[in-house]
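The values are calculated or read from the model by the stated rules, or taken from the named source; none is laboratory data. In this text the structure is predicted, and so the values were computed from the model without any measurement. Cβ coordinates were reconstructed from backbone atoms using ideal geometry, including for glycine residues, and neighbour counts include every protein chain displayed.
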Amino acid sequence: MTTPSNWCNTHRGPTDEVIPVAVIEANSGSGGTIWSCPDCVERFGIVPLGEQSPDHPASRIQYRDPPSKAG
Ligand SMILES: [Zn+2]
């Protein structure tokens with residue numbers, strides 16, 4: 001049995017704390033929640049599910065700003 005409760009889907013690694021950032025709708029079987037750790041939420045400017053606008057599809061991760069800065 002595996003649970004996503006300690007897995008960051010953004011950096012694909014284990015984490016102590018997770019934040020739901022998207023939900024995959026299950027039309028034909030497996031769906032689920034996309035999780036991200038607080039570090040990735042900060043680093044990539046991801047908008048947590050609870051803060052996303054109602055117009056934004058929950059199946060897509062929403063970003064606060066385009067990743068235009070480098071370095
Ligand atoms: Zn992460």
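Does the stretch 57-69 contain any residue that is modelled with pLDDT under 95 and among the β-branched types (V, I, T)?
Yes, the stretch 57-69 contains a residue that is modelled with pLDDT under 95 and among the β-branched types (V, I, T).
Suppose we keep only residues that are within 9 Å of the ligand (Cβ to nearest atom), among the charged types (D, E, K, R) and surrounded by 10 or more Cβ atoms within 10 Å (Cβ to Cβ) within the stretch 1-50. Which one would you say is nearest to R64 (Cα to Cα)?
By that ranking, first place goes to R43.
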